[in-house]
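The values are calculated or read from the model by the stated rules, or taken from the named source; none is laboratory data. All figures in this text were calculated on a predicted structure; none of them were measured in a lab. Neighbour counts run over all protein chains shown; Cβ positions are idealised from the backbone, glycine included. Remember, those area values only see protein heavy atoms, side chains included, never the ligands or the DNA or RNA. Shrake-Rupley method; radii C 1.70, N 1.55, O 1.52, S 1.80 Å.
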Amino acid sequence: MTIRLTLVSAPGGDAAVDPLLGDAPVSERSVRRAGAGGPALPVHTMAVRARSNRCAQTADAFGLTAAVEPALRDLDLGTWCGRTVDDVAAADPDGFSAWLTDPDAAPHEGESVRQLCRRTADWLDHVAPDMGHVVAITEAAVVRAALIHALALPARAFWHLAVPPLLPVSLTWRGGHWDVRLGHVTAREARPRFLLPSAAPARGGSDQIAAARPGGGKRSRSFRETVFAGCG
């Protein structure tokens, strides 16, 4: 049995790098980047997307006719939705820090990281092998959750996974495990691709293995960056 998925994170809405929590329109620059990368997407039999405006805009820019898949919706941020990261961090530093370090914390009265990981894992576990190659335009948080499941990482590794926008993450289920491949979607940029080691079988639980901590890129330090650097 082989299942092939290509997940692409829409620009914007990533709490690790973006100032605004919740859905927001995609910038014109990001739309142009997605449009340039459309021809580089893999041949596929089906396209799906999260229901957010940014995922709809990204799918349109790619030239995809994508069906809405409710399971790919973003992490529910509850009362924090629409606020800036710095505002939340200043108003509730303890709650914000707990959210970034404890996968069961939900100080915003929304969805915890672990709940998102379980929801995403359930979707992955029920993708039918006869669907062919599926391209999914979704949220950075959902891509992180998919990697947590595919690589059998504990949920506390969630914020240590950098997910650049428009970066395709290919998941292939075969031989009882997921293979993960990263690559760039912009056709004009020649960037290296690499294959991550296959994980132990992960079509079930995802908290069995000690945390891996992939490094992220350098960014200017604000309060939230200090918190992210120290989480774990």
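In the range 12-88, the portion of solvent-accessible area held by carbon and sulfur atoms comes to 52 percent [1.4 Å probe, whole percent, DNA, RNA and ligands not counted]. Phi angles of the range 98-103 translate, via the Karplus equation with coefficients 6.51, -1.76, 1.60 and θ = phi - 60°, into HN-Hα couplings of 4, 4, 7, 10, 10, x Hz per residue; Gly and Pro are given as x. Using the average count of surrounding beta-carbon atoms within 10 Å as a protection proxy, the listed peptides 33-46, 108-121 rank, highest first, as 108-121, 33-46.
Within the accessible area of the range 92-172, the carbon and sulfur atoms contribute 49%, probe 1.4 Å, all protein chains present.
Accessible area per residue of the range 1-129 at 1.4 Å probe, in Å²? Kindly include the intermediate steps, with their values, before the conclusion.
On the way: 5880 Å² over 129 residues.
So the range 1-129 comes to 46 Å² accessible per residue, rounded to a whole number.
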